[in-house]
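Here's the structure, in structure tokens; my notes come after.
The values are calculated or read from the model by the stated rules, or taken from the named source; none is laboratory data. Everything numeric here is computed off the predicted structure, so don't read it as measured data. Because the Cβ atoms are built from the backbone with ideal geometry, glycine has one as well, and the counts that use them run over all protein chains shown.
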Amino acid sequence: MSKKPRQPAPARSALPLEGARDAKSAPAVAVNFARETKRPEGAVGGAPSRSLPAQLWHNVKEFSGAAGDASLLWPRWFVLRGLGLIFVLAFLCIVVEGQALAGPNGISPVALYLKHLRSVAPGFFSGFVSAPSLFWLDAGAGAITAVAWLGFAAAVALFFNLWPRLTLLVCWACFLSFVATWIEFTPSQQDGLLLEVALISMAFAPPGIRPGLGASHPPRPLAVFMMRWLLLRVMLLSGLVKVFSDGPLWRNWTAMDVMYETSPSPTIAGYWIHQLPHAYHVFEIWFTYAAELLAPLLALIGGRRGRWLAFGLWAMLQAGIQLTTNFGWLNTAAFVLGLLLLDDQMLASAARRLRWASLGDFFARATPRAPGAISRWSLHGLRAVLGLHFALTLYYFADTCSGPFEDPPAAVRLFRDFRSANGYSLYARFESAHFQIDLEGSNDGGRTWRTYPLRHLPQLPERQPEFIAPYFPRFDYTLHAASLRGSKPSVVAPTAAHLLARNPRVMALFERDPFTDRPPAVIRMRRYRFTFTDPATLDRTGRYWTREFAGDYQPAMFIDEQGRIAQFDLGPADAAVRAGNHAAAYAEFERQYQLGNLEAGFRLADMIARGLGVPVQPERVFALYSALAQGGEVKGMHNVAVCYEYGIGVAPDLAKACEFYRRAAELGHFASLHTLGRLAAEDRLTPRNDALGLAALAIAASRAADDEAALAFVRANQPALVAKLKARMSMSELAEAKALAVARRAPPP
């Protein structure tokens with residue numbers, strides 16, 4: 001019997017050819033990536049010498065998963081476990097807050113939003129595309145709880161590597177159901193990133209119920225490319241939007257001087273780093289540009305050494321932001337994505353260099369085998385889906401770099417609300433100051449007020465900033481977002497109404513109920529400005545923050561005489577004043593003031609001072625302002641000071657006037673700050689303090705920046721006062737004034 005001729009051994013290949021229809025057409029022999037190969041002289045990475053352009057092109061293909069001897073079994077395993085952990089935290093927040101935020105008796109019910117869409121959308125398909133969600137089937141309390149717990153269970157299963165492709169699909173569908181229907185509580189960057197990572201990871205993850213490392217199903221080059229393309233976009237776009245931003249802070253190198261203070265909830269580490277000199281913050285900006293502009297280029301064309309350097313820069317940037325600013329899971333997700341820059345061989349080599357030989361051998365044993373069969377149609381389907389996603393990402397890349405396009409193509413509009421292909425403009429702009437909304441209640445007609453304590457945002461000046469991330473308290477951060485300029489106040493008033501109605505789910509969003517004795521009858525919504533103190537002030541007072549009143553956010557809510565929840569409205573009474581119907585206006589102001597509308601008290605005092613409908617009564621004016629000042633009203637303190645200065649309803653007393661001006665100025669009242677400066681320039685400030693007067697003028701100018709009328713007043717009146725003070729002040733007094741102004745985050749006078 002003649003021997004069969006020996007067949008030549010199949011060529012070794014790192015991965016099977018795309019398009020193989022069955023196992024017979026794929027290589028049957030696994031590649032031993034751990035085997036050391038002797039490099040020919042002049043070789044790079046075990047390959048023959050190449051020209052620089054050829055080497056760069058090879059590195060690009062290697063980054064894209066289309067060339068090289070790399071395997072990504074361990075990086076894939078780590079990325080999917082990290083993604084599972086992030087989804088656990090995301091759904092945990094939904095389980096805790098979901099009913100209060102979007103339940104049938106919540107702040108912004110999902111059912112009402114879907115009902116609105118049904119009324120405006122031409123059909124079910126159009127409505128579903130506008131809000132792709134499982135809640136179209138049922139938006140009741142039970143459905144919200146079921147979807148939240150289903151997503152949480154799937155996230156736990158993903159973390160423990162159980163049926164990763166199916167659990168990723170469940171996580172994506174459940175999370176999208178919430179993101180698409182509670183718009184007010186959705187920060188687009190963070191939620192969009194998580195949805196996009198989950199969608200692409202379905203093609204990246206191994207199949208099977210318990211795939212382990214997935215050695216028999218290594219990631220396909222197309223899936224590797226899409227995952228790394230996502231990472232590249234997050235890195236590169238984050239840098240480009242800073243370069244092209246129309247905001248001044250990145251251009252004048254002051255962005256990092258304000259980043260920690262203006263983030264929603266900075267950490268104690270952020271407090272101390274904020275105190276470092278400007279030169280350090282300029283270094284931080286250079287480092288940020290290195291991690292977001294240089295690192296992606298190194299990752300793309302630098303080969304393994306370039307990817308190690310890119311990973312180091314990216315990881316340090318994300319760790320630094322995570323430790324100082326509490327941006328939820330955003331930086332955790334960005335760090336997890338950064339692991340895609342590594343491969344099994346890089347991990348094994350790094351372990352050996354660190355003299356962890358056993359760990360290096362462990363990583364080296366990650367040897368992909370020939371994958372199972374895949375049908376032609378399945379492969380074509382995968383290419384079509386990922387190709388469509390790639391095209392959408394190209395659109396969003398251009399859209400982010402050039403500014404929003406006015407009329408997106410139909411395909412973009414069709415998939416836009418799935419939020420699974422995105423542009424990323426992380427930290428492109430910062431607010432110039434940290435603002436926050438507090439909800440304060442009164443159960444005694446507005447004489448005393450109690451604040452509803454938030455769980456995580458800075459509220460008490462002496463409360464030490466804490467570490468929250470990667471947990472994301474959605475309600476707290478929504479209140480912070482509502483305080484920013486240009487935001488729509490769609491959440492705050494409904495929250496106040498639920499507090500008046502004593503809704504237990506909404507009340508549970510706060511740290512505690514401040515009304516254990518008698519329920520409140522009035523809830524007001526006030527805006528405050530927070531600035532970090534300096535270390536000397538912290539040592540002296542124990543306060544991390546300076547808190548300044550920045551005005552009422554919306555008219556207060558109250559329970560009227562019929563027991564209904566309503567919102568104070570001074571419009572009709574103001575209209576009566578303009579029409580000359582002073583008696584009706586006075587009666588309405590009096591009624592609202594007795595119910596707890598303190599702004600109506602100021603209107604009453606103004607009418608009495610001017611003799612509109614009633615005789616001029618200076619004593620009553622002073623009594624009203626004194627009562628308002630005792631209740632903590634900053635404008636009341638200022639007006640009491642005016643009464644003392646000019647003898648309105650009380651004997652003139654300049655010392656007491658200066659005392660009340662100082663109290664109001666400490667709380668950031670613009671008119672009191674300016675008046676302190678005026679009195680100092682006139683040499684009437686009691687006790688004399690030119691440094692305080694000059695600093696007060698500088699702080700007043702900074703607080704007028706967002707108010708056109710106040711800014712015009714400053715430009716017209718302050719230069720002469722500043723010049724008069726500076727002309728007689730010593731160098732030490734000028735230095736003291738500068739220190740006082742800088743401590744309140746105002747430009748030096």
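None of L230, L298, L237 is in contact (Cβ under 8 Å) with a residue 60 or more places away in the chain and more than 18 Å from the chain's Cα centre (by Cα) except L230. The set of residues in segment 301-317 being crowded, with 20+ Cβ neighbours inside 10 Å and either under 15 Å from L237 (Cα atoms) or hydrophobic (A, V, I, L, M, F, W, C) (or both) consists of A310, F311, L313, W314, L317. Out of the residues in segment 652-695 that are aliphatic (A, V, I, L, M) and in contact (Cβ under 8 Å) with a residue 40 or more places away in the chain, which is farthest from M729 (Cα to Cα)? Going through the qualifying residues, I end up with L667.
Checking the conditions here, which among F660, F713, F670 is surrounded by 13 or more Cβ atoms within 10 Å (Cβ to Cβ), of a type outside the set (S, T, N, Q) and modelled with pLDDT of 95 or more? Exactly one of F660, F713, F670 is surrounded by 13 or more Cβ atoms within 10 Å (Cβ to Cβ), of a type outside the set (S, T, N, Q) and modelled with pLDDT of 95 or more, namely F660. When each of D343, D361 is tested for being charged (D, E, K, R) and surrounded by 22 or more Cβ atoms within 10 Å (Cβ to Cβ), the lone residue that passes is D343. Of the residues contained in segment 413-426, one or more are found to be among the acidic types (D, E), in contact (Cβ under 8 Å) with a residue 60 or more places away in the chain and surrounded by 15 or more Cβ atoms within 10 Å (Cβ to Cβ).
So, A710, is that one assigned to a loop (DSSP other than H, G, I, E, B) and touching a residue at least 40 places away in the same chain (Cβ under 8 Å) or not? No: the conditions fail for A710. When the residues of segment 581-597 are filtered to those that are in contact with a strand residue (DSSP E or B) (Cβ under 8 Å, 6 or more places away or on another chain) and either of a type in the set (S, T, N, Q) or assigned to a helix (DSSP H, G or I) (or both), the one that is modelled with the highest pLDDT is N597. Looking only at residues in segment 535-560 that are within 16 Å of A600 (Cα to Cα) and among the acidic types (D, E), the one that is surrounded by the fewest Cβ atoms within 10 Å (Cβ to Cβ) is D560.
Within segment 178-202, restricting attention to residues that are of a type in the set (G, A, S) and farther than 19 Å from F475 by Cβ, the residue that is surrounded by the fewest Cβ atoms within 10 Å (Cβ to Cβ) is G192. Residue check: T495 meets all listed conditions (1) part of a loop (DSSP other than H, G, I, E, B); (2) among the polar types (S, T, N, Q); (3) crowded, with 19+ Cβ neighbours inside 10 Å but one, namely (1). Among the residues of segment 506-539, which ones are hydroxyl-bearing (S, T, Y) and assigned to a strand (DSSP E or B)? Scanning segment 506-539 gives Y528, T531. Residues of segment 557-580 that are in a loop (DSSP other than H, G, I, E, B) and closer than 22 Å to L624 by Cα: F568, D569, L570.
Here is a yes/no grid of residues against (1) acidic (D, E); (2) surrounded by 24 or more Cβ atoms within 10 Å (Cβ to Cβ); (3) touching a helix residue (DSSP H, G or I) at 6+ places or on another chain (Cβ under 6 Å):
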site	(1), (2), (3)
H58	no, no, no
K61	no, no, no
G68	no, no, yes
W74	no, no, yes
V88	no, no, yes
F91	no, yes, yes
V95	no, no, yes
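Restricting attention to segment 365-410, the residues that are among the aliphatic types (A, V, I, L, M), at pLDDT 85 or above and either surrounded by fewer than 19 Cβ atoms within 10 Å (Cβ to Cβ) or under 17 Å from F204 (Cβ atoms) (or both) total 10.
Residues that are buried (at least 21 other Cβ atoms within 10 Å of the Cβ) and either touching a Gly at 6+ places or on another chain (Cβ under 7 Å) or farther than 20 Å from I321 by Cα (or both) within segment 457-468 comprise just one, P465.
Wholly within segment 48-157, which helices (runs of 4 or more DSSP H) include no fewer than the required count, namely at least 3 residues that are under 22 Å from P211 (Cα atoms)? Ranges flagged: 73-102.
Condition check: among the hydrophobic types (A, V, I, L, M, F, W, C) and within 25 Å of W545 (Cβ to Cβ). Does I699 satisfy that? So I699 fits the description; yes.
In summary, F435 fulfils each of the numbered conditions (1) within 30 Å of Y544 (Cβ to Cβ); (2) part of a loop (DSSP other than H, G, I, E, B) with the single exception of condition (2). State all residues of segment 719-749 that are part of a loop (DSSP other than H, G, I, E, B) and either within 39 Å of the chain's Cα centre (by Cα) or within 9 Å of A691 (Cβ to Cβ) (or both); if no residue qualifies, say none. Hits for segment 719-749 are M729, R744, R745, A746, P747, P748, P749. The residues in segment 522-534 that are surrounded by fewer than 19 Cβ atoms within 10 Å (Cβ to Cβ) and at pLDDT 95 or above can be counted, and the count is 0. Do we have any residue at all in segment 446-454 that's part of a strand (DSSP E or B), touching a His at 6+ places or on another chain (Cβ under 8 Å) and not β-branched (V, I, T)? No, because not a single residue in segment 446-454 is part of a strand (DSSP E or B), touching a His at 6+ places or on another chain (Cβ under 8 Å) and not β-branched (V, I, T).
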